[in-house]
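The values are calculated or read from the model by the stated rules, or taken from the named source; none is laboratory data. Worth saying up front: this structure is predicted, and the values here are computed from it rather than measured. Cβ atoms come from the backbone with ideal geometry, glycine included; neighbour counts cover every protein chain shown.
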């Protein structure tokens, strides 16, 4: 039902009011409560009245579409103290969408609900504050330094840098709250400043996520400055020629697929410095990762799936190791499609979707360990730990897939 009394381009239906790119759902904007307060016999009359007023109100403020970007679920955040980016999350939306994505409001600042971990924090713990677990990510460096596990703590809402012309009803606060816009920031009590670096809008899934688990992936794949066989648990340097059955690998998980590539990498290692080899390792990693990230993003966007950052990184790690694991016909793909819009995934279905533990027909403990660590990342957002052996994983209770 289009309401002809409002300006062209704006409309109201039984489910929502539409103004430009914005969709204002009935539920979450007090319309539903207003209707319930009226006589049941006048339901349609009052619904039409309220929806028309709502469209006119937001049409009056139509200039907001030309100003700052409004922050939606899936937008990319960073913290001045962290070493990872993450995605902004909204577990309970407020009934207002733009381009299919829920808008956030300034009270969306709850740890582990809207804001998840930024990895490792480089800000010392202020005096009198609870100590956080210590991580030492650079133990192999000549100058190792200590960081703390990121545990976001907030004592306030998002701070505005510019007045928002969109206010959205917050059921828990019982009042209208400003929508978050680019330029707004959030302060962690440990000293970090959190800001929005990219707004993600999509008609289906986000499909614009970046991989934030490089350090974790280095622990998973190991960074080896020579060619080795993954079938050799000692990671010894490969001394033979190209062998397609040896799963020859270089750097951080780069699989060597041909004799010509084997020769190219072998010659590079033999004729270049350690610094050059390190740079080459990173170049191969970024090239390899780009294909996996694109594959996962395309799948999310096409199927209308929203993932949290740690879930996305876990899926990219799996696809990086086994590209065929993600499609509409795989166990993982089916579960993501079924529940990707709500984020309420069935744990056993996710585990089944990650169960790629064989190489050339044989089940390998190392692959079981890799999958269990990916599942630990998916379910627990654990970037700080990688349990690199069967025994270590079992000791830590990380046995989603039995050995």
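So here's what we get for this one:
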item: Evaluation of residue 271 against (1) in contact (Cβ under 8 Å) with a residue 60 or more places away in the chain; (2) over 23 Å from residue 386 (Cβ atoms) (one fails), failing number; result: (1)
item: Test result for residue 118, within 19 Å of residue 195 (Cβ to Cβ), at pLDDT below 85, part of a loop (DSSP other than H, G, I, E, B) and not assigned by TED's automatic domain parsing to the domain that holds residue 309; result: yes
item: Tally of residues being out of contact with any helix residue (DSSP H, G or I) (no Cβ under 8 Å at 6 or more places or on another chain) and either outside the structural domain of residue 160 (by TED's automatic domain parsing) or buried (at least 18 other Cβ atoms within 10 Å of the Cβ) (or both) across the stretch 79-99; result: 12
item: Residue match in the stretch 188-195 (condition: outside any loop (DSSP other than H, G, I, E, B), over 19 Å from the mean Cα position of the chain (by Cα) and either over 28 Å from residue 318 (Cα atoms) or not assigned by TED's automatic domain parsing to the domain that holds residue 313 (or both)); result: yes
item: Residue in the stretch 203-219 that is closer than 30 Å to residue 337 by Cα, modelled with pLDDT under 90, surrounded by fewer than 12 Cβ atoms within 10 Å (Cβ to Cβ) and within 32 Å of the chain's Cα centre (by Cα) present; result: yes
item: Selection count where residues are without any contact (Cβ under 8 Å) to a residue 40 or more places away in the chain, more than 19 Å from the chain's Cα centre (by Cα) and assigned to a helix (DSSP H, G or I), scope the stretch 335-366; result: 4
item: Members of the stretch 279-293 found to be over 12 Å from residue 223 (Cβ atoms) and in contact with a strand residue (DSSP E or B) (Cβ under 8 Å, 6 or more places away or on another chain), listed by number; result: 288
item: Residue 331 modelled with pLDDT of 90 or more, outside the structural domain of residue 72 (by TED's automatic domain parsing) and under 21 Å from residue 83 (Cα atoms); result: no
item: Selection status of residue 286, at pLDDT below 85 and surrounded by fewer than 18 Cβ atoms within 10 Å (Cβ to Cβ); result: yes
item: Selection status of residue 242, part of a loop (DSSP other than H, G, I, E, B), surrounded by 13 or more Cβ atoms within 10 Å (Cβ to Cβ) and assigned by TED's automatic domain parsing to the domain that holds residue 308; result: yes
